[in-house]
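**Student:** I have a structure I would like to understand better, so I am pasting it below and will then ask my questions one at a time.
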Amino acid sequence: MSLRMNLYGCDLQSVTASFGSQDEGLLKRAIDNLAQILQPGDDLNKAICWLQTIIKTNVPLRVNRPAPFVSEDGGLLVCQLEAEIHVLALHCLVTAVRREEHLNLTEESSFWNHGAVTELQMELSSCRFEPSDVPLSQLLNYFAILIKGTPFFGDDFRSSWSIYSFLPHSELSHLTTALQDALTYERMLPEKMPEEIRQQYTTKLSDGMNTFVSEFIGWLKQLDRSGQDMYLIWS
């Protein structure tokens, strides 16, 4: 089953401020949200425990924790991973924090699956695309955010069903600019190249990818105009 795109607006600062806040009202709302998507049982109990942990204690964030390293005995890396229940618990917390004015673009965005972003990256790579106003390294970082997610607590995700990504409002216009460049980009081939060889090269985005990029740009612009951060959950 392909992960579907579920795009929301949010206030990222409010989300991070909830960690360790000991806000009992927020905890109750988040648990109520969990009860709507998980059946009673071990998974629900574990997800509730994780919610209690991140709201009532100061769980170290990934960015504040030393990166995994190879020990002197040459052993394997020891990583902390976020599983499905951690993703769902965080989603229910974000839902509890979100305000009425925050955009919900899931009905439109869920038409697209996770593969659309990976295919976009592949097509742009085949075209040898480089944005004109955004460094290529920055665009590659955006793709990493969209494809791999941005775990708050774990070093990575270990979930085949759900991952989440956040992108601050300050970055939305940069991603939008790069994607707009991609829409109009066409790789120039040598004029004397034979037509049969030309046809073997990818020079611009496919029609289907143009549709995805155009819609994605529209959603990013809505978030940008609303002054909201982007929250994306693939599920």
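**Student:** With respect to Ser14, is the statement that it is free of Cβ contacts under 8 Å to residues at least 24 places away in the same chain and either of a type in the set (S, T, N, Q) or within 30 Å of Leu220 (Cα to Cα) (or both) true?
**Tutor:** Against the criterion (free of Cβ contacts under 8 Å to residues at least 24 places away in the same chain and either of a type in the set (S, T, N, Q) or within 30 Å of Leu220 (Cα to Cα) (or both)), Ser14 does not qualify.
**Student:** Identify, by number, the condition in (1) more than 22 Å from Ser160 (Cβ to Cβ); (2) of a type outside the set (Ser, Thr, Tyr); (3) loosely packed, with under 13 Cβ neighbours inside 10 Å that Gln39 doesn't meet.
**Tutor:** If we test Gln39 against (1) more than 22 Å from Ser160 (Cβ to Cβ); (2) of a type outside the set (Ser, Thr, Tyr); (3) loosely packed, with under 13 Cβ neighbours inside 10 Å, just (1) comes out false.
**Student:** At least 2 residues that are farther than 30 Å from Trp50 by Cβ and in contact (Cβ under 8 Å) with a residue 40 or more places away in the chain in each: list the helices (runs of 4 or more DSSP H) lying fully within the range 109-188 that qualify.
**Tutor:** 114-127, 169-184
**Student:** When you scan the range 203-228, how many residues do you find that are under 17 Å from the mean Cα position of the chain (by Cα) and either open to solvent by 60 Å² or more (accessible area, probe 1.4 Å) or modelled with pLDDT under 95 (or both)?
**Tutor:** 2
**Student:** Test Pro135 against the criterion of being open to solvent by less than 80 Å² (accessible area, probe 1.4 Å) and closer than 18 Å to Ile217 by Cβ, and give yes or no.
**Tutor:** no
**Student:** Might you check whether a residue that is among the basic types (Lys, Arg), part of a helix (DSSP H, G or I) and open to solvent by 40 Å² or more (accessible area, probe 1.4 Å) occurs anywhere in the range 4-23?
**Tutor:** Within the range 4-23, none of the residues are among the basic types (Lys, Arg), part of a helix (DSSP H, G or I) and open to solvent by 40 Å² or more (accessible area, probe 1.4 Å).
**Student:** Does the range 179-199 hold any residues that are more than 30 Å from Glu215 (Cβ to Cβ) and either surrounded by 10 or more Cβ atoms within 10 Å (Cβ to Cβ) or not assigned by the TED database to the domain that holds Ser126 (or both), and which are they? Talk me through it step by step, then tell me what you get.
**Tutor:** Here is the first cut: in the range 179-199, the ones more than 30 Å from Glu215 (Cβ to Cβ) are 190-197.
Selection gives Met193, Ile197.
**Student:** Quick one: would you say Thr95 is within 27 Å of Ser173 (Cβ to Cβ), polar (S, T, N, Q), assigned to a helix (DSSP H, G or I) and at pLDDT 95 or above?
**Tutor:** Values: within 27 Å of Ser173 (Cβ to Cβ): yes; polar (S, T, N, Q): yes; assigned to a helix (DSSP H, G or I): yes; at pLDDT 95 or above: yes.
Yes; evaluated as a whole, the condition is true for this residue.
**Student:** Additional query: Does the range 64-89 hold any residues that are in a helix (DSSP H, G or I) and open to solvent by 70 Å² or more (accessible area, probe 1.4 Å), and which are they? Lay out the reasoning, then the answer.
**Tutor:** So in the range 64-89, the residues in a helix (DSSP H, G or I) come out as 64, 84-89.
The answer is Asn64, and nothing else.
**Student:** Quick check: anything in the range 132-152 of a type in the set (Val, Ile, Thr) and within 15 Å of Ser235 (Cα to Cα)? Working first, answer last.
**Tutor:** Looking only at the range 132-152, we keep the residues that are of a type in the set (Val, Ile, Thr), and these are 134, 145, 147, 150.
Adding the requirement that they be within 15 Å of Ser235 (Cα to Cα) leaves 147, 150.
The answer is yes; a qualifying residue exists.
The values are calculated or read from the model by the stated rules, or taken from the named source; none is laboratory data. These numbers were taken from a predicted model, which means no experiment stands behind them. Positions of Cβ are backbone-derived with ideal geometry, glycine not excepted, and every protein chain shown enters the neighbour counts. SASA here: full protein model, heavy atoms, side chains in, ligands and nucleic acids out. Shrake-Rupley method; radii C 1.70, N 1.55, O 1.52, S 1.80 Å.
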